[in-house]
1. Using alpha carbons only, how many degrees (0 to 90, rounded to 10) separate the axis of helix A:155-164 from the longest principal axis of chain A?
2. How large is the dipole of the range B:1-134 about the Cα centre if only Lys and Arg carry +1 and Asp and Glu carry -1, each at its Cβ, rounded to the nearest 20 debye?
3. Kindly provide the helix-only [θ] at 222 nm of chain C, computed as the sum of -39,500 (n - 2.57) over DSSP H runs of four or more divided by all residues, to the nearest 500 deg cm²/dmol?
4. Loop only by DSSP, 16 or fewer other Cβ within 10 Å of the Cβ. Give me the GluC sites (Glu not before Pro) in the range C:53-139 that pass, ordered by residue number.
5. Hey, can you grab everything whose amide H is under 5 Å from the amide H of B:TYR308? Only 5+ residues off in sequence or another chain; H modelled, so Pro and N-termini drop out.
6. Please get the size of the charge dipole for the protein assembly as shown, origin at its Cα centre, with Cβ charges of +1 on Lys and Arg and -1 on Asp and Glu, quoted in debye to the nearest 20.
7. What FRET efficiency do you get for C:ARG32 and B:GLU314 if R0 is 60 Å and r is their Cβ-Cβ distance, rounded to the nearest 0.05?
8. Using the beta-carbon distance between A:ALA395 and C:ARG88 and R0 = 30 Å, what value does 1/(1 + (r/R0)^6) give for FRET efficiency, to the nearest 0.05?
Amino acid sequence: MDVEGEVPAAAAAAIANGLGGGEEASPAPFSAEQLDVEAYAAQYSGRTRLARLIFIADRCGVEAMQLEALRMAYDEIKRGEDVQLHRDVAVKINGRLGPRYGLDQAWVDTVARRAEQRKEKLENELNGYRTNLIKESIRMGYNDIGDFFYAHGQLSDAFKSYIRTRDYCTTSKHIVQMCMNVILVSIELGQFAHVTNYVSKAEQTPDSLDPIIVAKLRAAAGLANLETKKYKFAARKFVETGIELGNNYSEVIAPQDVAVYGALCALASFDRSDLKSKVIDNINFRNFLELVPEVRELVNDFYASRYGSCLGHLEKLKPNLLLDIHLHEHVETLYTDIRHKAIIQYTLPFISVDLNTMATAFKTSVSMLEKELAALITENKIQARIDSHNKILYARHADQRNTTFQRVLQTGNEFERDVKSMLLRANLLKHDYIQRTGPRKM
Amino acid sequence: MESLEALVAHIQGLSGSPEEVAHLHSLLKQADGDSLRSHAAALVPFLTHLSPEAHSLGYLYLLEACATSGANLGADFLVTVADFLTACSADQIRLAPDKFLNVCRVFKDQVMLLNTPIRGIAPLRAAVRKIQASPEQLTPVHAEYLLLCLLAKQYKAGLSVLEDDIFEVDQPKDLFLYCYYGGMIYIGLKKFPKASELLHNAVTAPMSSLNAIAVEAYKKYILVSLIQNGQVPSFPKYTSATAQRNMKNHAQIYVELSTCYGNGRYTDLETFVESNAAVFQSDNNLGLAKQVLSSMYKRNIQRLTQTYLTLSLEDIARSVQLDTPRDAEMHVLRMIEDGEIHATINQKDGMVSFHEDPEQYKSVEMVEHIDTSIQRLTALSKKLASIDENMACDPAYLLKGGITGDSTTTTSTPFHTSIFEMI
Amino acid sequence: MDLSAVQTALADKSYSALAPLCDDILLQAASRGATTDEWPYAVHLLAHLYLNDLNSARFFWKSLPQEVKDARPELAAVWRIGQCLWNRDYAGVYTAAQGFEWGTDLADFITSFLESYRKRIFQLLTSAYSTIIVADVAHFMGMSEEDATNYAVQNGWSLDAATNMLTVKKPKAQTNQKLDASKLQRLTECVFHLEH
């Protein structure tokens, strides 16, 4: 039973801590270390860089940061061909960056005209290939059209074109290329079921894959699982991602992201031994963790039961994670899960725990801790009971003998009740037959 | 037709051996009919020449003719019937069960008409035992008896028939009424587990079309389940498709009530009960709905015992939404008194300590309890096995089962299969 | 109507047998259409209360016609006790029981009822409290604070005079642990049966 009554002071403290499990994510301005937008954007390329910049601009709530992100996005878009995105960003800037950063109608018209011509050319070429039935050329034709749509931001058309190349793939390499294209578009479309699907298609090709491709596929699968809230699967995929990934998948994900996503998902979902073997002792994944020392530290803190320090690191990371296009939605859940894991792990070895000591370790008040513990006990995640008078948590050692007796008697009662009511129903049905098959005798 | 005098003489002369009684029965059948009924008023004096115990069959025929004639038979007639029901010979009246049931029905109608249901209780209690071939058999008198108990507010009297397990049913309607009235009696006596068992049987009984009794039983079943367990179990798979499809639509408010209960907030539930009081009132369930409401305090306090070893009265009051620590103390005390929690109150510190169930399963009483449970279950298992065997040999079943083996309708599903699904 | 059995039970002070006895006689009498003016309603109601069978007591009261209730002040007085019990007005029970001049038929029965009620409440306090203030004990037991303290101390409780707080002495739970050999035999047979 969770104690609903609010304790204002304690609640306020918990919000200041930011870890008061399950509180709504508030789009508050981030006074903490601000994100270096330029350095951040440099990790990515292609459309994801734009998407991330625009996401940061939408979410950060700090005008300077917002404008910087928009300016970079604007410049980048002008180098490409997505006129719709250009319009959107111009509206978002709303003149705040001076006349140089307004809607450039001349550019839009030129690009649109050129696009029209190019599309026509590509379609004509493709039709030619199709009449001649040259498989490889058809595949390339569709691929080019897919690339064209992708560059112009027409994602579902791009998706369809890439999918069409499938029937004309003749080698494993073609299939992998098709899969990678579909995965790229699907991630941007938010169609993560397709991502998972095409990752396994690519992995099933008979020829052995290039290590970079393998790493990319793992990362994409991790992302798909993360977005569909399968954190344990996500963690497994991320920690399996090969270091070959490097900066080769910058159109989707940076190696730093693999470290952060993988570590957080693992902390939230792995048990202690998995955490040790699959994360801490994983030489490959350690390379990723080295890229983000804070995350490496917090994983080690967690494993070494230095929960205060671990939660401190998490807290510092939080503002930036909330600006991550993929992670932001999952930050609260993952943080709550990690916190619960930490609480459970903290209590596990003890027969009794002093709540005052524990509250200090978790940087919270005793009364808030009591509530958290009560909720975890109610969910049967901690086998203990709280001595609220003396502020001590006692492990509950179930009496096997008594529990067994209790269960036996209960099962017996249920059996008796069920059989009786069944016999009764059987009798009624029997009566039904008799009534139908012949006159009733009484 | 023979004269009444002659008939009475036959009755007096032919009530000895089974052969005599059988002969008498054929004579009575000949005499029975409108002619006997038209003499209804004249029959009453003849009854004084007969003994209810010795001449039960003949007495029954005459009595039934009087009872069903519609004639006004006077206040003494009820006493005559009452005496007959108490004294008659079971062997004889079971030869003419329909007559006997008629008499019981008219008798019940009469005491209800006079607004003196209590008059019918003792006689109908006796009547149930006379007409039953075995204590496991359900008769139409059962429901009539329980109805009178309810009307006369003699709830405890109802237990005398409810405590026997019923297995044999002739008319589904008897069962629905028996379960419904029986459920109400157990509710009145606050024996909720038994009440829910009976109501559950009414809800899950095979039915090809929805009946009003089952719907009313379902409403009460929801309320009782909430009081007892804090939640309503979903329909078991053997529930008829009719019930599963339609029952909830007819008990919308009740389903919503259980959802509201699940949220665990007393004030929300209170508001819900108040704003739907009219519905509960018109279903005669308002009192029960209020018990659902107060059960929430209990349930919430019980939940605390799973989490805390000690908790201050103040925290208890706050977490279960009671106004003062003293209110919490009184609730805890009441629950200790009723054996619903194991706890001690420490007034000095304003704390409550919750304990585990002190039952150690070592006492002689417990061993005896377990022993009797095992005996009962063994007997039940044997019964199950024998019924299963009987069924497998029943030609009607084989015929029906053979023809409609894979039919999808509930009523023609071979009940044989349904037994195996259950176990 | 033959009330001699009721009179005998009252005279013998076999109060716990009264409720089923009264129930039965009443139903039999009713079935013969007898008038019930003579019926000892107050005794019948008190018999239910004596067994702490509040449901039966309440239904019995509810089943009575208004004129019966109006004409019998003693019956109404018994019901006031019943109401206190129903509402768990622990102290009210004593006030209601002591606030009426009971007839000779009932006086002993009431005394006996109060005695057993007080015993039951003391047992409840013993199991439900570890410490309790004197005033509350007096309230629950329907006694003066002094009498209540004495009563409690006689039962092994200890008093902290400074805070007026009593510490409850819990009786050692007595469980009969001797096992009947035949029961064990049956259990053994049952287990044997299951294993083979």
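1. Around 90 degrees separate the two axes.
2. 560
3. That comes out to -20500 deg cm²/dmol.
4. Passing sites in the range C:53-139 are C:GLU101.
5. Placed amide hydrogens put A:ILE386 under 5 Å from B:TYR308.
6. 2040
7. FRET efficiency, C:ARG32 to B:GLU314: 0.50.
8. 0.25
Only the coordinates and a few stated rules stand behind these numbers; no lab work does. None of these values were measured; they are calculated from a predicted model. Note that we place each Cβ from the backbone using ideal geometry, even for glycine, and neighbour counts take in every protein chain shown.
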